[in-house]
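The values are calculated or read from the model by the stated rules, or taken from the named source; none is laboratory data. What you see is a predicted model; the values in this text were computed from it and never measured. Ideal geometry is used to build each Cβ from the backbone, glycine not excepted, and the neighbour counts take in all protein chains shown.
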Amino acid sequence: MEPLSLSHTSPGGARSPQIGVKLSIKEELQNENVKCGRSCRTRKSRPPLYGKDDAHEKQKPTRLRLYTRVSTDQQMEAEFNSCDAQEERIRSFIASQEGFVMVKVYSDPGYTGANIARPGLQRLLADVKAGLLDMVITYKIDRLTRSPRRFYQLVELFEAQHVGYISVTERFDTSTPAGGSSETLCSPLPNSSGN
């Protein structure tokens, strides 16, 4: 399976330069919100996904897919950085929520977050496009990607398939009106560390 292409072309037709991985996602999201082709000023609050305002839909389980990742260097560090530790924390979060049903876990141990050429992530994206889930959850945003531009593009892909995204650590939730607002997307995010 070929990796999903998430390169961005500006309105003038020129391909945007790649974002360096030296900066944190917090810094890049603040600096690149216009360069990535979407101004935060134009992103408006939207109704919740999955028809949560409808009484019938409130009882419909939300199908979750978990994604974990750790770089090769991080595998040598403390146990709390491992994929298993990330999954444990995500499962604890899920247990505190109503209507969440964990369906599958995708893991990429030993893969950098600087690109999306990861087998676990590619399987997740294929299932998103196939409509097999309602929500993607990671422990931190940088487990999904370390590129702010790719993060925006992944969120847009999820939204196009009516799939929400939650980062447990940052309490980032695109499935709610607040999570999809310009204030949330432009708010400072924690510094990312590791690869």
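The residues listed here are 110, 131; of these, the one that is more than 23 Å from residue 93 (Cα to Cα) and free of Cβ contacts under 8 Å to residues at least 40 places away in the same chain is 131.
Scanning the stretch 94-111 for residues that are over 15 Å from residue 63 (Cβ atoms) and surrounded by fewer than 18 Cβ atoms within 10 Å (Cβ to Cβ) returns 95, 96, 109, 110. Going by the conditions given, is residue 151 farther than 18 Å from residue 69 by Cα, part of a helix (DSSP H, G or I) and not charged (D, E, K, R)? The answer is no for residue 151.
Looking across the stretch 109-148, just one residue is at pLDDT below 95 and in a strand (DSSP E or B), and that is 109.
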